[in-house]
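**Student:** Dropping the structure in here first, questions after.
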Amino acid sequence: MRITVFGATGNVGGRTVAEALSRGHEVTAVVRDPARSGGLPPAVTVRTGDARDADAVAALSAGQDLVISATRPASGSEDQLAAATRGLLSGLARTGVRLLLVGGAGSLTVPGGTGTVIDDPALVPPSVRPIALACGEQLALCRAETVVDWAYLSPSALLEPGQRTGAYRLGADELLVDDRGVSQISMEDLAVALLDEAESPRHHRTRFTVGY
Ligand SMILES: NC(=O)c1ccc[n+]([C@@H]2O[C@H](COP(=O)([O-])OP(=O)(O)OC[C@H]3O[C@@H](n4cnc5c(N)ncnc54)[C@H](OP(=O)(O)O)[C@@H]3O)[C@@H](O)[C@H]2O)c1
């Protein structure tokens with residue numbers, strides 16, 4: 001597949017690029033600042049663009065099979081996530097290319113309870129509440145979208161660098177917890193789930209979640 005990745009220099013995006021390359025896909029990595037592209041694998045095609053720019057998104061997605069976005073604004077600029085989501089959706093509405101978005105866990109419901117993850121300070125401490133709120137808006141923008149074929153992947157509560165085990169479970173709108181009651185997924189296994197969804201699409205205009 002020809003896959004364009006926004007956020008390719010990030011923690012999740014970098015692992016997504018690596019997973020896609022390992023499966024033989026042609027990867028275009030979008031960076032905002034070419035000076036930061038040095039760590040990308042030589043096999044990727046590097047292009048410059050900003051997800052907030054719908055014209056750039058249309059140009060960068062033309063002729064591609066899929067766009068994956070794992071962008072995250074800097075702390076204090078969380079409002080940029082909505083702008084990036086609007087740019088992606090608007091640009092892809094013109095090219096008809098499918099979008100897989102990596103979002104947040106905050107909007108998932110807590111198993112056995114009535115609330116959402118973002119309202120549980122044990123799962124979302126105050127320091128990450130702004131990005132969790134922004135991810136909620138990001139999901140709402142997707143849910144209002146009726147042209148683009150999008151899918152929104154909410155990670156588990158803990159999303160950290162770790163091992164690529166290749167094993168994971170999928171869910172819908174409820175937080176997944178493992179047999180020890182912990183909600184977690186490594187960034188490597190989240191990338192596996194993303195690429196599995198890329199190759200065999202099962203989710204269309206809906207959110208899904210991944211965990212152990
Ligand atoms: N448990 C959870 O729910 C959880 C935990 C962690 C992360 N996440 C989510 O996972 C996603 C990725 O997070 P991460 O930790 O991998 O982020 P990260 O390491 O901070 O990387 C963010 C990437 O996004 C790029 N970016 C930001 N704004 C952009 C824009 N407007 N256009 C193009 N690229 C842009 C950055 O590029 P520059 O170098 O140009 O800034 C960078 O490559 C986010 O949606 C985050 O909320 C969820």
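**Student:** How big is the charge dipole of the chain about its Cα centre, in debye rounded to the nearest 20, if each Lys and Arg gets +1 on its Cβ and each Asp and Glu gets -1 on its Cβ?
**Tutor:** That gives the chain a dipole magnitude of about 340 debye.
**Student:** Further question: Counting only other residues whose beta carbon sits under 13 Å from that of A105, what net charge do I get with K and R as +1, D and E as -1? All intermediate terms of the calculation are to be shown ahead of the outcome.
**Tutor:** Working: positive: R129, R207; negative: D119, D120, E160, D173, E174.
That works out to -3.
**Student:** In whole angstrom, how long is each semi-axis of the equivalent ellipsoid of segment 102-212, when you take the square root of 5 times every eigenvalue of its Cα gyration tensor and sort them from largest down?
**Tutor:** 20, 19, 12
**Student:** Count neighbours as other Cβ atoms within 10 Å of each site's Cβ, and list the trypsin sites (Lys or Arg not before Pro) in segment 109-203 that are DSSP loop with at most 13 such neighbours.
**Tutor:** R180, R202
**Student:** How many percent of the accessible area of the chain is carbon or sulfur, using a 1.4 Å probe?
**Tutor:** Details: 4710 of 9500 Å².
With neighbouring chains kept in place, the figure for the chain is 50 percent.
**Student:** Then there's this: Find the relative contact order for segment 2-211 and round it to a whole percent, using C-alpha pairs within less than 8 Å whose residues are 6+ positions apart.
**Tutor:** 20 percent
**Student:** Rg over Rh of segment 18-103, using C-alpha atoms and the Kirkwood radius, what does it come to? Write out the running numbers ahead of the final one.
**Tutor:** Details: Rg = 12.8 Å, Rh = 13.5 Å.
Using only Cα positions, Rg/Rh for segment 18-103 is 0.95.
**Student:** Counting helices only, and only those DSSP H runs with n ≥ 4, report the 222 nm mean residue ellipticity of the chain as the sum of -39,500 (n - 2.57) divided by its residues, in deg cm²/dmol to the nearest 500.
**Tutor:** Values: 5 runs with 64 residues, N = 212.
Computed mean residue ellipticity for the chain: -9500 deg cm²/dmol.
**Student:** So for the chain, taking the charge dipole from beta-carbon charges (+1 Lys/Arg, -1 Asp/Glu), which of A93, I118, S183 sits furthest toward the positive end?
**Tutor:** The residue sitting most towards the positive pole is A93.
**Student:** Compute the semi-axes of the equivalent ellipsoid of segment 57-97, taking the square root of 5 times each eigenvalue of the Cα gyration tensor, and list them largest first in whole Å.
**Tutor:** The answer is 22, 10, 6 Å, longest axis first.
**Student:** Treating the Cα atoms of segment 2-211 as identical point scatterers in vacuum, please give the log10 of the normalised Debye intensity I(q)/I(0) at q = 0.07, 0.09, 0.15, 0.18 Å⁻¹, two decimals.
**Tutor:** Each listed q corresponds, in turn, to -0.18, -0.31, -0.90, -1.33.
**Student:** Let me have the relative contact order for segment 1-84, percent, based on Cα pairs under 8 Å that are six or more residues apart. It would help to have the intermediate numbers written out before the result.
**Tutor:** Numbers: 137 pairs, mean separation 30.2, N = 84.
Here the relative contact order equals 36 percent.
The values are calculated or read from the model by the stated rules, or taken from the named source; none is laboratory data. Owing to the predicted nature of the structure, the values given are computational and were not obtained by experimental measurement. Glycine also receives a Cβ, built like all others from the backbone with ideal geometry; neighbour counts cover every protein chain displayed. The protein model used for the area step is the full one, side chains on, heavy atoms only, and it has no ligands, DNA or RNA in it. Shrake-Rupley method; radii C 1.70, N 1.55, O 1.52, S 1.80 Å.
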